[in-house]
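Engineer: Okay, handing you the structure first.
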Amino acid sequence: MKKIVLTGGGTAGHVTPNIALIPELQKEGWEISYIGTEKGIERELIEREKIPYYAVRSGKLRRYLSKENLKDMFRVLGGISDAKKVLKKLKPDVIFSKGGFVAVPVVIAGSKLGIPVVIHESDITPGLANKIAMPHAKTVCTTFPETLKYIKGGKGVNTGSPIRKELFNSSKEKGLEICGFSADKPVILSMGGSLGAVKINNALRKALPSLLKDFQIIHLCGKGNADESLMNTQGYKQFEYVNEELKDLFAAADVIISRSGSNSISEFLALKKPSLLIPLSANASRGDQILNAESFERQGFSKVLQEENIDRLEEEVRDLYNNRQKYIDAMEKSSASNGVDMIINEINKAANIK
C-alpha cells in the first residue's frame with residue numbers, strides 16, 4: 001500500500017488543510033500517518049480523525065535575537081533525530097507539509113532519508129518555517145499566484161488551498177433555523193478567526209441598531225467575547241465558537257465580514273461568498289493578512305477595509321451587499337477555488353505514482 005506522512009501544526013490553520021486532504025487520500029488508497037508535536041493543537045485535531053499520530057520535538061525559530069533561539073535550535077536538531085526514527089519505521093512514499101515549526105524537522109529528516117516532500121504555502125510571502133523547509137522540497141504548492149515569484153528552482157505550483165468537502169454539504173435553511181432567523185431578510189456573517197477580533201466586534205455592535213433595520217446578523221465573536229446585554233436582540237445571534245454548525249451558517253450568509261487569514265478567505269472563494277476583509281495591521285502581524293486581502297481585492301473577490309478605518313464598517317458592508325453579484329461573478333471565473341485535486345495530483349507526481 002502507498003504511504004504518506006502529513007505534517008504541520010502550531011495553529012489550526014496549519015492543520016485544517018491537511019484534514020481537507022484526508023478523505024480524498026483515503027479514497028485513493030493512501031495509508032496516512034501524521035507527525036506533530038506532543039502538545040500542539042494538531043494532536044487533538046488529527047486524533048479526532050482517527051489518523052495514527054507521532055510526536056517529535058520542535059522549537060520556535062524567531063527572526064529576532066533571543067536567548068530562546070539557542071534552546072530552540074537544539075530542540076529542532078532533536079526533532080530531526082526524532083523524525084528520522086519515525087520515518088524509518090513508517091517508510092512513507094512521500095511527505096506532505098502544511099508548514100508551522102513542527103514541519104521543519106520532519107521535512108529536513110525526510111529529505112535526508114531521500115523521501116520526496118511536497119509543501120503547501122498558504123500566504124503570499126512564505127513564513128519562516130516554510131522558507132527553511134523549501135530547499136528540501138520537491139514541490140511547493142501555493143494558494144496565491146503571487147507566491148510563485150518567491151519560490152526558486154521552478155518547483156512552485158499554484159494549486160489554491162484545499163477546502164473541506166463538508167463545507168459544500170450544507171443547508172441555508174438549517175443555518176437560518178440555528179439562528180432563529182427568517183428567510184425574508186438578508187444575512188451578514190461576521191467572524192474574526194478562532195479567537196474573535198475585538199475591534200471588529202466593537203465596530204459591528206456599534207452599528208447594530210442601524211444594520212438590523214435591513215439585515216439579520218450572525219456574529220462569531222470568539223471565546224469570552226459574547227455580550228450578555230445583546231442575547232435577546234431580534235435578528236442578531238452571537239456565538240463564541242462553532243464547529244459542525246459553521247457550514248450551515250456559511251450557507252445562510254449573503255455576505256461575510258472577516259479578517260483575511262488565507263484558509264478562511266479561500267473558503268469564502270470556494271463557497272462564492274462576497275466578503276469585506278479587515279486584515280490584521282502590520283503592527284499585529286508580519287503583514288501577510290494585508291497582502292492576502294490585497295490579492296483578493298485585485299482579483300475582484302472581496303472589498304478591503306483597513307483596521308484604522310473600521311468606523312466605516314457599516315458603509316462598506318452595505319456597499320458590498322448592494323454590489324454582491326459583481327464579486328460572485330468574479331469568483332465564479334476563478335480556477336483556484338478548491339485545491340484538493342491539484343494538490344493530490346502533485347503528491348502523486350512527487351511519489352512517482354501514476
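Please treat every number below as a calculation from the coordinates, not as lab data. Everything numeric here is computed off the predicted structure, so don't read it as measured data. Cβ coordinates were reconstructed from backbone atoms using ideal geometry, including for glycine residues, and neighbour counts include every protein chain displayed.
Engineer: Taking 2.2 N^0.38 Å as the expected size of a compact globular protein, what ratio does the Cα radius of gyration of the chain give against it, to two decimals? Write down the numbers at each step before the final one.
Structural biologist: Values: Rg = 20.9 Å, N = 354, 2.2 N^0.38 = 20.5 Å.
Rg over 2.2 N^0.38 Å, computed on Cα atoms: 1.02.
Engineer: Then there's this: Once phi is turned into θ = phi - 60°, what whole-Hz ³J(HN,Hα) does the Karplus curve with 6.51, -1.76 and 1.60 give for every residue of segment 222-238, x standing for Gly and Pro?
Structural biologist: x, 4, x, 10, 5, 9, 4, 5, 9, 4, 9, 6, 5, x, 10, 10, 10
Engineer: After finding the eigenvalues of the alpha carbon gyration tensor for segment 256-319, what semi-axes result from the square roots of 5 times each, listed largest first in whole Å?
Structural biologist: On the way: eigenvalues 55, 48, 16 Å².
Value: 17, 15, 9 Å, ordered largest first.
Engineer: So what's the Cα pair-distance distribution over segment 227-354, bin width 10 Å, in %?
Structural biologist: 11, 35, 34, 15, 4, 1
Engineer: Roughly how many nanometres apart are two label points built 7 Å out from the Cα toward the Cβ at residue 298 and residue 314?
Structural biologist: In this crude label model, residue 298 to residue 314 measures out at 3.4 nm.
Engineer: Tell me, how many Å apart are the Cα centres for segment 178-243 and for segment 248-316?
Structural biologist: 17 Å
Engineer: Here is a further query. Which one, 335, 178, 117, is farthest towards the positive end of the dipole of the chain when Lys and Arg carry +1 and Asp and Glu -1 on their Cβ?
Structural biologist: Of the options given, the answer is 117.
Engineer: Summing +1 for each Lys or Arg and -1 for each Asp or Glu, what net charge is found among the other residues whose Cβ lies under 14 Å from the Cβ of residue 107? Present the calculation step by step, with values, prior to reporting the outcome.
Structural biologist: On the way: positive: 84, 98, 112, 131, 138, 155; negative: 82, 121.
That sum, taken over residues with Cβ under 14 Å, equals +4.
Engineer: Any idea what the relative contact order of segment 189-318 is, in percent, if you count C-alpha pairs under 8 Å spaced at least 6 apart? It would help to have the intermediate numbers written out before the result.
Structural biologist: Numbers: 191 pairs, mean separation 30.8, N = 130.
Rounded, it is 24 percent for segment 189-318.
Engineer: Which of 1, 73, 331 has the fewest other C-beta atoms within 10 Å, and how do the rest follow up to the most? Write down the numbers at each step before the final one.
Structural biologist: Numbers: 1 6, 73 12, 331 21.
Fewest-to-most Cβ neighbours within 10 Å comes out as 1, 73, 331.
Engineer: Now, a different point. With +1 assigned to the C-beta of every Lys and Arg and -1 to the C-beta of every Asp and Glu, and no other charges, what is the dipole magnitude of segment 259-354 about the Cα centre in debye, to the nearest 20? Intermediate results must be reported in sequence, preceding the final value.
Structural biologist: Details: 13 positive and 15 negative charges, 89 e Å.
That gives a dipole near 420 debye.
Engineer: Then there's this: Relative contact order, percent, of the chain when contacts are C-alpha pairs under 8 Å separated by at least 6 residues?
Structural biologist: Working: 691 pairs, mean separation 52.0, N = 354.
Relative contact order here is 15 percent.
Engineer: May I ask you to derive the relative contact order of segment 195-261, considering only C-alpha pairs under 8 Å and at least 6 residues apart, and to give it as an integer percent?
Structural biologist: Details: 52 pairs, mean separation 19.8, N = 67.
It comes to 30 percent, rounded to a whole number.
Engineer: Shifting gears a bit: Pick from 297, 267, 228: which residue has the top mean-square fluctuation in a GNM of the chain where Cα pairs under 10 Å get a spring?
Structural biologist: Of 297, 267, 228, the Gaussian network model singles out 228 as fluctuating most.
Engineer: Take the residue pairs 2/172; 138/223; 27/185; 172/333; 223/247; 131/199 and return only those whose Cα atoms are more than 29 Å apart. Mind showing how you got there, number by number?
Structural biologist: Numbers: 2/172 39 Å; 138/223 40 Å; 27/185 41 Å; 172/333 23 Å; 223/247 19 Å; 131/199 32 Å.
Cα-Cα > 29 Å for 2/172; 138/223; 27/185; 131/199; rest within.
Engineer: Here's a follow-up. Hey, in the GNM for the chain with a 10 angstrom Cα cutoff, which one of 82, 319, 248 fluctuates hardest?
Structural biologist: 319
Engineer: In segment 67-144, if every C-alpha pair distance is counted and binned at 5 Å from zero, what percent goes to each bin?
Structural biologist: Cα pair-distance distribution for segment 67-144, in percent: 3, 17, 27, 24, 15, 10, 3, 0.
Engineer: Right, another one. About the Cα centre of segment 1-61, how large is the charge dipole given +1 on each Lys and Arg Cβ and -1 on each Asp and Glu Cβ? Please answer in debye to the nearest 20. Walk me through the numbers on the way to the answer.
Structural biologist: On the way: 9 positive and 8 negative charges, 33 e Å.
For this selection, approximately 160 debye.
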